[in-house]
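Working notes, structure below.
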Amino acid sequence: MRKIELEVEHLYRGRFVGRHKFKPHEQELITVGSARNASIRLLGEEINTLHCSIECRENSWVVSDLGSETGTWVKKSNIVEYTVSSPSAIHIGQHTLKMYPHDTHSEIFTDETKPLTNEGQKYHQVIVRKQGYVTHTKLLKAKEKYQFYFGKDKIYLNPPENDNWVYSDYGEFVIQQRIIKSKNTEDSLPEKVQTLWDPNFKVPLLSSFGAVALLFALLIFKPGVEENKLEQSEIKMNKYTKIIYDAQSTKKQKAKANKIIKQIAKSSPTPKPSQASGKTTVSKNIPKSKAMVNVSKSLKKAGLSKLIGKIAKRNNKNSVNIEALGNKAGSKASGRALASVGKASVGDVKAKKGEQFKIGGVATVGKGTGASGSLRGSGSLSAGGVGTANVGIVEEETEVRGGLAREVIAQTIQGYLGQIRYCYERQLSAQPDLYGKVIVNFTISGNGKVGAQQISSTTLKNSLVEGCILRRISGWRFPTPEGGTSVVVKYPFMFRSLQ
């Protein structure tokens, strides 16, 4: 009977993950999804628990989508059912399943196959098949019985008399027996080595040998150090060499200091005591350097001391000290305020006659009322209004599909509603007439995290507010849905200013 096996190669983002082989059984259903007991397990938020199935129908393999959210794709088409009649690639999220159907029909161990030789020692050959497939073979002594368990019963089968096949049926098992002759029943050493060799290791093994050869070549042809450079190596410092070097440098420093002291002593004469008062007087004949004399003459000539006095006097006349926060003018402020202007004191005589003065760099928010003894228009300050908003939810347009109740989702969103209000109020101060409705679609994954979110429709038409809403929703956490399935939510938010 012709039978088709299916070989499945699993790739994730183009990288090999594993290989699976399936034999055609009419009642066996191969499942693909994120469930732990799935035949081929795929991971990712876009994968459903049971995403699709693979089954053998009338000696053909068929892939069926099980109502997944992201779909099962073949050649850029979302399929419902697809028959694998040739090598095909099935795309599920970021996973790719390459399927190769193989025809396993073979004439081995049939009535037409005869022993290869009639020479050598006799053996009892046993072939065990299950549903048409060879499960294992055995080579026993010529007169040795074949024994096996069928259920709880232990079965013994006597060897046949010649090289013709003898068949025995036990449920889904078929046992073939015959007598053959052979000179050699064990593999030779080259054959054993060949069975241990895996062709897939060829490229990695050659790469490893190349890397080792390159390393040895670098070690052999490593450039050496020139002999003359060895003579210039630094002296290793230890405690004894440090003592020698420190002693020599200290000796030089002391000699230099003594030389400087002697020069100072020669240039400075010793003061003589006064005979009349008995007090020591400093000689007036101390030599002055030419540079000091020149600088002193330049300062006197330019009249720098008089200039400094005039600048200080002018600043004192023009200075205005502002009394703020109830403290005296010129004192340190005792608190914090947006702005406050009180009395002003002026060092000039003109201030006592009531003449006006200009004070630049003072700005107020609101309208000044003025006060006794204060500058006109600066008696009081007031801050501008801050935008306040109301965020509502249209319950009639709310949609929830999945393993979470509508009340649970509404209660969770109510706790995060302050973040949505913040996004609106932040733009309301710049655009006071901003209002409208924003409908957001988002998906809650099996672990309670928000997987994907997007703006479904909006009458607000403000990209800054809408982008802020999507960023806030992406960080929300919900209770874990029942069964670990994803939940699709459609939620409308109504924005309106209270001013």
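The values are calculated or read from the model by the stated rules, or taken from the named source; none is laboratory data. Keep in mind the model is a prediction, meaning the values are calculated, not measured. Please note: Cβ atoms are built from the backbone with ideal geometry, for glycine as well, and neighbour counts cover all protein chains shown. Heads up: the accessible areas ignore ligands, DNA and RNA and are worked out on the full protein's heavy atoms, side chains in. Shrake-Rupley method; radii C 1.70, N 1.55, O 1.52, S 1.80 Å.
Look at the stretch 149-171 and say how many of its residues are in contact (Cβ under 8 Å) with a residue 12 or more places away in the chain and open to solvent by less than 40 Å² (accessible area, probe 1.4 Å).
5
Looking only at residues that are under 23 Å from residue 490 (Cα atoms) and among the basic types (Lys, Arg) in the stretch 423-454, which one is most open to solvent (accessible area, probe 1.4 Å)?
Restricting to residues being under 23 Å from residue 490 (Cα atoms) and among the basic types (Lys, Arg), the top hit is 449.
Out of the residues in the stretch 172-183 that are open to solvent by 30 Å² or more (accessible area, probe 1.4 Å) and part of a strand (DSSP E or B), which is farthest from residue 136 (Cα to Cα)?
So the residue we want is 181.
Assess whether residue 497 counts as being more than 28 Å from the chain's Cα centre (by Cα) and free of Cβ contacts under 8 Å to residues at least 24 places away in the same chain. Before the answer, list the steps.
Details: more than 28 Å from the chain's Cα centre (by Cα): yes; free of Cβ contacts under 8 Å to residues at least 24 places away in the same chain: no.
Judged against the criteria, residue 497 is not a match.
When the residues of the stretch 98-143 are narrowed to those that are aromatic (Phe, Trp, Tyr) and modelled with pLDDT of 75 or more, which ends up least open to solvent (accessible area, probe 1.4 Å)?
Result: 123.
Identify all residues within the stretch 394-412 that are farther than 22 Å from residue 495 by Cα, open to solvent by 40 Å² or more (accessible area, probe 1.4 Å) and in contact (Cβ under 8 Å) with a residue 12 or more places away in the chain; write none if there are none.
401, 402, 408
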